[in-house]
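Worksheet: one structure, shown below.
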Amino acid sequence: MGLNVAKPILERARLRSASPAIITQEQTITFGRLGVAVGIVAQHLHRQGVMPGQVLGVSMGQNPLHVIALLALAQIGAVSLPLHISVPAERRALAARRFGATCIVSGRHDMALPGLSFISLAGLSFDGSSIPPDTEIHPV
């Protein structure tokens, strides 16, 4: 059984919640806030039917939500398939089919691909104060 990449980061969120985890020009996200956000996104993905072992295409820009989405997918035990936003839709669709992606996850609705389900992360609120309790860590 391997180590889930989300586990040590979420453990850091519990132990050092005030320490910076992500620093951008606009904001600093602490480990505590990152842990909360990962839990919220993992719950959202789980409610949308994402299961351990499922392959999902991830089409997002370079922003904190991208990191949060990748950690949430890892926490669930799902497989992330990067589909860069600058690649034309036809090539993203080809890669998604080749690697067995069943769904696309993005904060942008224009990243949806024909024939695949789409989960939007746009508009999720991260105002919680703790990691939601029903987000189990799965080995990947």
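The values are calculated or read from the model by the stated rules, or taken from the named source; none is laboratory data. Here the structure is a predicted model, which means the values were calculated and not measured. As a convention, Cβ positions derive from the backbone with ideal geometry for all residues, glycine included, and neighbour counts pool all protein chains shown. The accessibility values were calculated without ligands, DNA or RNA, using every heavy atom of the protein model including side chains. Shrake-Rupley method; radii C 1.70, N 1.55, O 1.52, S 1.80 Å.
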**Asked** In the stretch 91-100, is there at least one residue being modelled with pLDDT of 95 or more and assigned to a loop (DSSP other than H, G, I, E, B)?
**Response** yes
**Request:** Please specify each residue of the stretch 11-47 satisfying the condition of being crowded, with 21+ Cβ neighbours inside 10 Å, in contact with a Gly (Cβ under 8 Å, 6 or more places away or on another chain) and either under 28 Å from Ser117 (Cα atoms) or free of Cβ contacts under 8 Å to residues at least 24 places away in the same chain (or both).
**Result:** Val36, Gly39, Ile40
**Message:** I'm checking my understanding of the structure. Among residues of the stretch 85-114 that are open to solvent by 100 Å² or more (accessible area, probe 1.4 Å) and of a type outside the set (D, E, K, R), which one is nearest to Leu73 (Cα to Cα)?
**Reply:** Phe99
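I'd like to verify a number: residues in the stretch 48-59 that are assigned to a loop (DSSP other than H, G, I, E, B) and either touching a residue at least 60 places away in the same chain (Cβ under 8 Å) or open to solvent by 10 Å² or more (accessible area, probe 1.4 Å) (or both), how many? Talk me through it step by step, then tell me what you get.
Step one: list which residues in the stretch 48-59 are assigned to a loop (DSSP other than H, G, I, E, B), which gives 48-54, 59.
With either touching a residue at least 60 places away in the same chain (Cβ under 8 Å) or open to solvent by 10 Å² or more (accessible area, probe 1.4 Å) (or both) added as a condition, the list becomes 48-54.
Summing the residues that are assigned to a loop (DSSP other than H, G, I, E, B) and either touching a residue at least 60 places away in the same chain (Cβ under 8 Å) or open to solvent by 10 Å² or more (accessible area, probe 1.4 Å) (or both) in the stretch 48-59 gives 7.
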**Request:** Of the conditions (1) outside any strand (DSSP E or B); (2) open to solvent by 20 Å² or more (accessible area, probe 1.4 Å), Leu81 clears all except one; give me its number.
**Result:** (1)
